[in-house]
1. Kindly list the number of the only condition in (1) part of a loop (DSSP other than H, G, I, E, B); (2) crowded, with 24+ Cβ neighbours inside 10 Å that fails for L434.
2. Across the range 172-194, what is the total count of residues that are modelled with pLDDT of 95 or more and either of a type in the set (S, T, Y) or more than 18 Å from the chain's Cα centre (by Cα) (or both)?
3. Looking only at residues in the range 284-332 that are within 16 Å of ligand 1 (Cβ to nearest atom) and β-branched (V, I, T), which one is farthest from W202 (Cα to Cα)?
4. Can you pull out the residues in the range 213-237 that are in contact with a Gly (Cβ under 8 Å, 6 or more places away or on another chain) and not small (G, A, S)?
5. Residues that are touching a Pro at 6+ places or on another chain (Cβ under 9 Å) and modelled with pLDDT under 95, at least 2 per element: which helices (runs of 4 or more DSSP H) completely within the range 242-313 meet that?
6. Show the residue pairs that are 6+ apart or on different chains and have beta-carbon atoms under 8 Å apart, the first residue being within the range 120-134 and closer than 15 Å to H449 by Cβ, the second being modelled with pLDDT of 95 or more.
7. Quick one: count up the residues across the range 232-252 that are within 16 Å of Y294 (Cβ to Cβ) and either surrounded by 14 or more Cβ atoms within 10 Å (Cβ to Cβ) or in contact (Cβ under 8 Å) with a residue 24 or more places away in the chain (or both).
Amino acid sequence: MTEINPKNIGSFSRRRFLEMIASLSLVSASGVWAGQQFDLPDLVIADSDMPKIKVAMAAKKAALRHQCRPDMARFSGKHMAFKVISEELGAPSASEIMVNQIMKNVRAGKIGKGVSAKDPSEARMFLALNTAATTWNMIVGPYGENHENMGFLGWLPQGLPPELTANPVSLKDKRDTSKKIKAIAAYAGSDKTGITEIDRRWVYSSTCKNGEDPGPAISKPILFKKTDQPKETEKALILPDSVRYAVVMLFVQPRALHQIDPATLANNASVNQGYSQMGIASVSLAQAIRSLGYVAIPCMNDTAMSVPLSIDAGLGELGRLGFLITPEFGPHVRIAKVLTNMPMATDKPIEFGVTEYCRDCGICARECPSGAISPDKEMTFEPPPGADPCGNPGALKWYVDGKKCLRWWLESGGGCSRCVNVCPYTRATMGDVLPPGQIRPEDFWDLDHKAYGRRDITY
Ligand code: SF4
Ligand code: SF4
């Protein structure tokens, strides 16, 4: 296992700095990128009746709610977007292409494709904002997906006395434990926390040790076995059978950063800040649980699928756009989790009509610049053929073609969150910080930012 060496903190390379500035996140995709040109449609948010949000408890966990076929396979980390596209492209990898596009934009005084700043120095200012947002990621090392048991995401306690870690405290009242763990998660930075038993279908079948580089995938299976502590061998990553619970945490993303234009450096700043928060909270909560004598696995996008776990943990429903939709913040959230063997009371899934609303809405599909989101009225069990091998067939849902999505990211040089930005659940829950028609980069700086911290920013 890799441990944090304090001597290395602060000594990152130029390539690493630039890689961190690009948002390496969340989409599962495949395909050959050959510099396709996307037409960016004008940002016209269609009028729609805002969804009425009335939350009810549901009996159905994610697998039943989305009617998973019994033969649905666990997903492999080697099928994630950045890996598959990087492998197909060869050098430069997808992340390097994206970084090059960012720098090209900034040199031209732009903060995204077709989005000009007032002048080149303002473009640099947005790059500085992005740098602030991603600094924690730069300092701690690997983050995002395919980084199981690496760096600060290591699976064993870090710097805690064995008197604590080898001595599980007796916890007889599961409800009381859940309440206190949620309180600790909130202090660690979570905006909302849910707890579920782990459905192992959502745990990745394997990780990819070279998840962002070109070249054939180097993969290791993720297994559950009878063992006291999680461990990594030459051949496998092994989780104790006793690890049955996931504490799932939500982190609200700053609204204005998405609203300027959801495919810019401002969007990247929001995503990167989300990753920073995910990292801080997941490792903090994991250390807290370890100090109580239990196993705790801090996870960002790695180890297990965040969206179905968060559905099972009662935090929201799956939207057509492929993200979790929450009753409090729509899809404007990022997700981290801690897997543990500490016994806790679990939450029940919730329903508030998302599937039914999405069936008639389809705004995200219409507004997506890459055509990645299914516009079909009905859900299917199969991803579109072009999404193979990243589509993970077997669940009844609207599939997102991550290959198309990532191609657009590479071209925009600003990632993309347009689907999140235009979703009526975002607008119903978070409103618009910048008035429609005034979403120019220069308007952002006149907002009442207070401190640039997640707790103080105007969401
Ligand atoms: S709008 Fe389309 S391209 Fe943009 S993030 Fe959503 S799915 Fe990807
Ligand atoms: S924008 Fe997409 S995800 Fe949001 S409500 Fe409409 S169809 Fe559902």
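The values are calculated or read from the model by the stated rules, or taken from the named source; none is laboratory data. Keep in mind it's a predicted model, so treat the numbers as computed, not measured. Glycine also receives a Cβ, built like all others from the backbone with ideal geometry; neighbour counts cover every protein chain displayed.
1. With (1) part of a loop (DSSP other than H, G, I, E, B); (2) crowded, with 24+ Cβ neighbours inside 10 Å applied to L434, the lone miss is (2).
2. 13
3. I325
4. Correct list: P214 only.
5. Working: elements: 255-259, 265-291, 306-312.
Those helices (runs of 4 or more DSSP H) span 265-291.
6. none
7. Pass one, the range 232-252, residues within 16 Å of Y294 (Cβ to Cβ): 239-247.
Imposing the further condition that a residue be either surrounded by 14 or more Cβ atoms within 10 Å (Cβ to Cβ) or in contact (Cβ under 8 Å) with a residue 24 or more places away in the chain (or both) reduces the set to 239-240, 242-247.
Residues meeting the conditions: 8.
Residue by residue, here is whether (1) modelled with pLDDT of 55 or more; (2) surrounded by fewer than 19 Cβ atoms within 10 Å (Cβ to Cβ); (3) more than 30 Å from G362 (Cβ to Cβ) holds:
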residue: N8; (1), (2), (3): no, yes, yes
residue: L18; (1), (2), (3): no, yes, yes
residue: P51; (1), (2), (3): yes, no, no
residue: V55; (1), (2), (3): yes, yes, no
residue: A58; (1), (2), (3): yes, yes, no
residue: H66; (1), (2), (3): yes, no, no
residue: S86; (1), (2), (3): yes, no, yes
residue: A91; (1), (2), (3): yes, yes, yes
